[in-house]
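Visitor: Got a structure for you, written out below as structure tokens; questions coming shortly.
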Amino acid sequence: MDVDLLKDCGKVVTFQGGQSICREGETGHSMFVLLKGSAEVLINSFSDNPQSVGLVEEGSFFGEMSLLESKPRSASVVAVSEQVIVLEVSETDFAMLLLNATSITYRILLSLNNRLNTMLDKIDETDKRFVYQYKKNPIYQTVQKMDVRSFDAIAKKDPDYVWTLLKYLSSSLEKLNTEYIQQLSK
């Protein structure tokens, strides 16, 4: 990851353990890259008690779904380590980042794709037909075959298609998260 390029596109922010980095339901005007420490992702949408859906480790991205979808944040992220340092990338800088840093954009795409596949694996245990419909989608199949070279070629030729890929992954992940949390709350 090109941290220097990232630092030109955002500001470094420090959080103490237990502090919220972002809150579910708030309007997202930035995404985050975890530079130091770890954080927990919590969802409270379908129950009275927040449910942990995972940890965010150093080098990971979060909050990009809110920017891609122009919707409120789908989860809260809370600092777990004694000190957590993140790079906060604004909405404006995010658009520039997507266009000018294909290696970072590819990492965001991979991150979303990995989260989507993890969620599909969880749901596959209970609803194979639902998962099959996702896996048949041509955009899903394109992303699964993509490597950094093919992504770079697509990004140079058609940046709007890169945006389409990212939005597809983001919206699919949001739908699957909702589906999964609803299954858990039954």
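Visitor: Show the residue pairs that are 6+ apart or on different chains and have beta-carbon atoms under 6 Å apart, the first residue being within region 137-150 and farther than 11 Å from L165 by Cα, the second being surrounded by 13 or more Cβ atoms within 10 Å (Cβ to Cβ).
Guide: Short answer, once both residue conditions are applied: V148/Y106.
Visitor: Then there is this: Go through region 74-130 and count every residue that is crowded, with 18+ Cβ neighbours inside 10 Å, farther than 24 Å from Y161 by Cα and of a type in the set (S, T, N, Q).
Guide: Selection size over region 74-130: 2.
Visitor: Continuing with the same structure: Limited to region 18-57, what total is found for residues that are closer than 10 Å to V86 by Cβ, within 15 Å of the chain's Cα centre (by Cα) and not polar (S, T, N, Q)? I'd like the intermediate steps shown before the answer.
Guide: From region 18-57, those closer than 10 Å to V86 by Cβ are 21-22, 30-37, 39, 56; that's our starting set.
If we keep only those that are within 15 Å of the chain's Cα centre (by Cα) too, we end up with 21-22, 30-34, 39, 56.
Adding the requirement that they be not polar (S, T, N, Q) leaves 21-22, 31-34, 39, 56.
The total comes to 8.
Visitor: Another question, then. Being in a strand (DSSP E or B) and in contact with a Leu (Cβ under 9 Å, 6 or more places away or on another chain) is the filter here, so list the residues in region 31-40 that pass it. If you could, list the steps in order and put the result at the bottom.
Guide: So the first thing to find is which residues in region 31-40 are in a strand (DSSP E or B), and the list is 31-36, 39-40.
Result: M31, F32, V33, L34, L35, A39, E40.
Where a number appears in this text, it was derived from the coordinates with a stated rule and is not lab data. Keep in mind it's a predicted model, so treat the numbers as computed, not measured. A quick note on method: Cβ atoms are made from the backbone with ideal geometry, for glycine too, and the neighbour counts reach across all protein chains shown.
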